[in-house]
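What follows is a set of notes on a single structure, which appears directly below.
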Amino acid sequence: MGVKSVLALAFVLAVVAAANIPLNNVAFAQHYKNNSTNSSLSHNLIVGSRLPGDRLVRQQSVVRSSSWMQVTTWQQTFNATLYTYITQVRSLDQKTNGNGAQASLIAGGPGYNYVTLRFKSQRGHGINHVVQLYAR
């Protein structure tokens, strides 16, 4: 009985000691920061919401080259198919390093059958977006 109680006491002390050791959360955060994708650096524009039954009616790339020390702007209208209304507009920046262009909605969008987007690059960089229109 003495040996069993000593082993049980040692086990309980080991469990309590392990539970009270603080975790190094900084190391975990640094690991995931270094190994994660840079999608948070993209300049995506998502307007509206998708519901079951919505379908992708248009997907188009918008690519414009850069000009040295210039800001590139481009405005384009995208039409949905006949007799459909847009439920979600997604303009996905393909540059994930933070140098991508910003997209803004100028006209139309969810509830309409067209959308006009304006793209504005950062100085010295071009435009590279994929525009997706979902409609029903």
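The numbers here are math on the coordinates, done by the rules we state, and not lab data. Quantities reported herein were computed from a predicted structural model and do not represent experimental measurements. Virtual Cβ from ideal backbone geometry, glycine too; neighbours counted across all protein chains shown.
Data overview
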item	result
Net +/- balance of residues flanking Thr84 in space, Cβ distance below 13 Å, scoring K and R +1, D and E -1	+2
Under 5 Å, built H, 5+ apart or other chain: amide partners of Asn113	Ile86
Neighbourhood charge, 11 Å Cβ-Cβ cut-off, centred on Asn99 and excluding it, Lys, Arg +1 and Asp, Glu -1	+1
Sorted peptide list for 103-114, 49-60, criterion being average Cβ within 10 angstrom, highest first	103-114, 49-60
Centroid-to-centroid separation of the stretch 47-80 and the stretch 81-136 [C-alpha atoms, Å]	3
Whole-Hz couplings from phi, Karplus 6.51/-1.76/1.60, listed for the stretch 50-57; x for Gly and Pro	9, 10, x, x, 6, 9, 6, 9
